[in-house]
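A.B. asks: Take this structure, written in structure tokens, and hold onto it; I'll ask about it next.
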Amino acid sequence: PHPDLANPPVYPTVLAGLMKIRTPDWQVDLNKNFWAEGGRFQRYKPEFFITLFNQFLFLAAILLAFLQAKQLFDSLAAGLVAVLLLGSDLLWKFSISGLSTMLLLVIFLGLVWCLIQIEGLGRNEKPNLRRMFIFAVATGLLVGLGMLTRYAFGWVLVPVLFFLTLFGGTRRMGLAVTAGLAFALVVAPWI
């Protein structure tokens, strides 16, 4: 009855939820051309479903990267970012691998978006502190989710806290502590 601690829990939980929403046919179908060829097994339906989910995550990551590049630069740079990501052979390979890489990429891009928002709000003369602290909580939650997707992602907390103390405006230490506490809240039950 030893729990599986070698694999972080978020990605298997997400896949389990998807399998509950749309239960695939677990039987191998050797009669239909797409799933079999010449009576021999070719594709397994649950794996194909996971691949489709990962490719959806890949397209979501491209959209997030496009929107962030458009916010930071301009439409031309954002289009270039989207085309380069779409043309990346390595990312396509990860999107069909069944690994948690695409989910982690979406989490990371969400984290970057939160940090961009905090930095933008911190530059204002009268920053909206409520929104800044909401984004700090979201930042900590996303780093925690990322760590529970891949354990090594937890190290991202160090540069995130450093970023918040440098660019957090007048409440920089409060933002860093809030993000750290939100991170601890997410990972503490698993640890």
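The values are calculated or read from the model by the stated rules, or taken from the named source; none is laboratory data. Predicted model only: the values in this text are computed from it and were never measured. Positions of Cβ are generated from backbone atoms using ideal geometry, with glycine treated the same way; all protein chains shown enter the neighbour counts. Accessible surface is based on the protein model in full, side chains and every heavy atom, while ligands, DNA and RNA are left aside. Shrake-Rupley method; radii C 1.70, N 1.55, O 1.52, S 1.80 Å.
A.B. asks: Using the Cα centre of region 37-191 as origin and beta-carbon charges of +1 (Lys, Arg) and -1 (Asp, Glu), tell me which of Ile191, Gly87, Leu76 is placed farthest towards the positive end of the dipole.
C.D. replies: About the Cα centre, the residue reaching furthest to the positive side is Ile191.
A.B. asks: Starting from the Cα of Leu67, step 7 Å along the direction of its Cβ; do the same at Met173; then give the gap between the two resulting points in nm.
C.D. replies: 3.5
A.B. asks: With all protein chains present, how much of the accessible area of region 97-182 (probe radius 1.4 Å) comes from carbon and sulfur, to the nearest whole percent?
C.D. replies: Values: 3050 of 4320 Å².
Carbon with sulfur: 71 percent of the solvent-accessible area.
A.B. asks: A follow-up question, please. Counting only protein chains, not ligands or nucleic acids, how are Glu119, Glu125, Glu47 ordered by accessible area (probe 1.4 Å), most first? Mind showing how you got there, number by number?
C.D. replies: Working: Glu119 50, Glu125 185, Glu47 115 Å².
Per-residue accessible area, sorted high to low, gives Glu125, Glu47, Glu119.
A.B. asks: Quick one: helix 172-187 against the long Cα principal axis of the chain, what's the angle to the nearest 10°, folded into 0 to 90?
C.D. replies: 30
A.B. asks: So, one more: Lysine pairs, Cα distance under 28 Å, 8 or more residues apart or cross-chain: how many in the chain?
C.D. replies: Working: Lys20/Lys32; Lys20/Lys45; Lys20/Lys93; Lys32/Lys45; Lys32/Lys93; Lys45/Lys93; Lys70/Lys93; Lys70/Lys126.
The result is 8.
A.B. asks: For Ser75, Ser88, write out the residues from largest to smallest accessible area, computed with a 1.4 angstrom probe and no ligands counted. Don't jump to the answer; show the numbers that get you there.
C.D. replies: Values: Ser75 70, Ser88 30 Å².
Ranked list, largest accessible area first: Ser75, Ser88.
A.B. asks: Also: What's the magnitude of the charge dipole for region 51-191 around its Cα centre, counting Lys and Arg as +1 and Asp and Glu as -1 at the beta-carbon? Answer in Debye, nearest 20. Write out the running numbers ahead of the final one.
C.D. replies: Values: 9 positive and 4 negative charges, 70 e Å.
The calculation lands at about 340 debye.
A.B. asks: Only helical DSSP H runs with n ≥ 4 go in: add -39500 (n - 2.57) per run for the chain, normalise by residue count and round the 222 nm mean residue ellipticity to 500 deg cm²/dmol. Don't jump to the answer; show the numbers that get you there.
C.D. replies: Values: 8 runs with 127 residues, N = 191.
Here the helix-only value at 222 nm equals -22000 deg cm²/dmol.
A.B. asks: Separate question: Multiplying the sequence separation of Leu59 and Thr23 by 0.36 nm and subtracting their Cα-Cα distance, what value in nm do you get? Walk me through the intermediate numbers first.
C.D. replies: Numbers: separation 36, 0.36 × 36 = 12.96 nm, distance 2.31 nm.
Stretched fully, the Leu59-Thr23 segment lengthens by 10.7 nm.
A.B. asks: Given axes a ≥ b ≥ c from the Cα gyration tensor, I'd like to know whether region 66-150 is rounded (a/c under 1.5), prolate (a/b larger than b/c) or oblate.
C.D. replies: Judged from the Cα gyration tensor, region 66-150 comes out oblate (a/c at least 1.5, b/c at or above a/b).
A.B. asks: Enter the accessible area per residue of the chain (Å², integer; probe 1.4 Å; all protein chains in place).
C.D. replies: Details: 11660 Å² over 191 residues.
For the chain, the solvent-accessible area averages 61 Å² per residue.
A.B. asks: Using a 1.4 Å probe, how large is the accessible area of Trp92, given in Å² and rounded to the nearest 10?
C.D. replies: About 90 Å², rounded to the nearest 10.
A.B. asks: Relative contact order (percent) for region 108-191, with alpha-carbon contacts under 8 angstrom and 6 or more residues of separation?
C.D. replies: Values: 96 pairs, mean separation 29.4, N = 84.
For region 108-191, the relative contact order is 35 percent.
A.B. asks: Hey, of [x] 0.98; [y] 1.07; [z] 1.09, which did the structure itself give for Rg/Rh (Cα atoms, Kirkwood Rh) when calculated?
C.D. replies: Structure-derived value, by its label: [y].
A.B. asks: Okay, next question. Could you tell me the accessible area of Asp74 in Å² (1.4 Å probe, neighbours in place), rounded to the nearest ten?
C.D. replies: Result for Asp74: roughly 80 Å² accessible.
A.B. asks: If ligands, DNA and RNA are left out, what is the accessible area of Val83 with a 1.4 Å probe, given in Å² to the nearest 10?
C.D. replies: Estimated to the nearest 10 Å², Val83 gives 100 Å².
A.B. asks: Right, here's the next one. May I ask you to evaluate 6.51 cos²θ - 1.76 cosθ + 1.60, the Karplus curve with θ = phi - 60°, for each residue of region 124-138 and list the ³J(HN,Hα) values in order in whole Hz, giving x for glycine and proline?
C.D. replies: 5, 5, 10, x, 7, 5, 4, 5, 5, 6, 5, 5, 5, 5, 4
A.B. asks: If r is the Cβ-Cβ distance from His2 to Asp89 and R0 is 35 Å, what FRET efficiency results, to the nearest 0.05?
C.D. replies: Working: r = 39 Å, r/R0 = 1.10.
E(calc), rounded to 0.05, equals 0.35.
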